[in-house]
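The values are calculated or read from the model by the stated rules, or taken from the named source; none is laboratory data. Everything numeric in this text was worked out from a predicted model, so none of it was measured. A quick note on method: Cβ atoms are made from the backbone with ideal geometry, for glycine too, and the neighbour counts reach across all protein chains shown.
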Amino acid sequence: MTMAYVAVAVSVVGMGISAYGQYEKGQSDKAAMEYNAEMDERAAHDLLEKGAHDAARLKEQTRKLISAQTAAGGASGFDTSVGTPLDLSVEAAGFGELDALTTINNAQRQGVGMKAQATLDRYQGKMSSQAGTLNAAGTVFQGAGNAYYGYKKGVLAGSTTG
């Protein structure tokens with residue numbers, strides 16, 4: 001009968017270790033996904049800042065282009081406030097603004113994608129944590145059932161031999 005108790009004790013210890021491991025894996029997965037989410041949010045923030053910086057740089061380049069066009073036209077004797085020289089400046093300003101807005105729009109779309117990924121990462125972490133807890137609970141119940149079965153089997157075997 002002593003062997004039955006040893007078998008039950010070993011089964012219970014194994015069940016406890018397995019359950020703890022499943023629980024900890026869920027917690028570890030959750031922590032990793034939270035870290036990923038934080039990195040995604042930082043990347044989204046960086047993308048938005050870079051987009052704004054790039055747009056400002058494009059606007060500055062456009063201003064310099066228009067100034068150079070105006071200076072070249074004036075040096076050539078053209079009146080840059082009317083006609084084709086003015087049209088070219090207006091067109092350059094429009095294209096420059098469009099480029100800047102496109103840059104900002106692209107950064108915003110990428111940023112939204114990164115924020116969505118962060119939300120998904122957090123959800124996956126939450127689900128991993130819950131799965132780890134449920135798996136651990138299942139292991140405990142299964143182990144308890146197995147231990148009880150082993151105990152009863154050992155007790156019955158001991159009563160028939162003695």
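Which residue pairs have Cβ atoms closer than 6 Å, lie 6 or more positions apart in sequence or on different chains, and pair a first residue in the stretch 54-66 that is more than 22 Å from THR84 (Cα to Cα) with a second residue that is at pLDDT 95 or above and not aromatic (Phe, Trp, Tyr)?
Short answer, once both residue conditions are applied: ASP54/THR103; ALA55/ALA100; ALA55/THR103; ALA55/ILE104; LEU58/ASP99; LEU58/ALA100.
When TYR148 is evaluated against the numbered criteria (1) exposed (fewer than 15 other Cβ atoms within 10 Å of the Cβ); (2) closer than 30 Å to ASN36 by Cα, which criterion, by number, is the only one it fails?
Against the list (1) exposed (fewer than 15 other Cβ atoms within 10 Å of the Cβ); (2) closer than 30 Å to ASN36 by Cα, TYR148 comes up short only on (2).
Return yes when VAL12 is assigned to a helix (DSSP H, G or I), hydrophobic (A, V, I, L, M, F, W, C) and in contact (Cβ under 8 Å) with a residue 40 or more places away in the chain and no when it is not. Walk me through how you get there before you give the answer.
Working: assigned to a helix (DSSP H, G or I): yes; hydrophobic (A, V, I, L, M, F, W, C): yes; in contact (Cβ under 8 Å) with a residue 40 or more places away in the chain: yes.
When the stated conditions are applied, VAL12 passes them.
Got at least one residue in the stretch 85-95 being under 30 Å from TYR23 (Cα atoms) and surrounded by 13 or more Cβ atoms within 10 Å (Cβ to Cβ)?
No, every residue in the stretch 85-95 fails to be under 30 Å from TYR23 (Cα atoms) and surrounded by 13 or more Cβ atoms within 10 Å (Cβ to Cβ).
From (1) closer than 30 Å to ALA118 by Cα; (2) free of Cβ contacts under 8 Å to residues at least 24 places away in the same chain; (3) among the small types (Gly, Ala, Ser), pick out the condition that doesn't hold for GLY77.
It is condition (1) that GLY77 fails.
Say we look at the stretch 8-46 and pick out the residues that are aliphatic (A, V, I, L, M) and surrounded by fewer than 16 Cβ atoms within 10 Å (Cβ to Cβ); which of these is nearest to ALA118 (Cα to Cα)? Full working, then the answer.
Pass one, the stretch 8-46, residues aliphatic (A, V, I, L, M): 8-10, 12-13, 15, 17, 19, 31-33, 37, 39, 43-44.
The next check asks that each one be surrounded by fewer than 16 Cβ atoms within 10 Å (Cβ to Cβ); those that pass are 9-10, 13, 17, 31-32, 39.
On the way: ALA9: 44, VAL10: 43, VAL13: 38, ILE17: 32, ALA31: 13, ALA32: 12, MET39: 8 Å.
Applying the filter and picking the extreme gives MET39.
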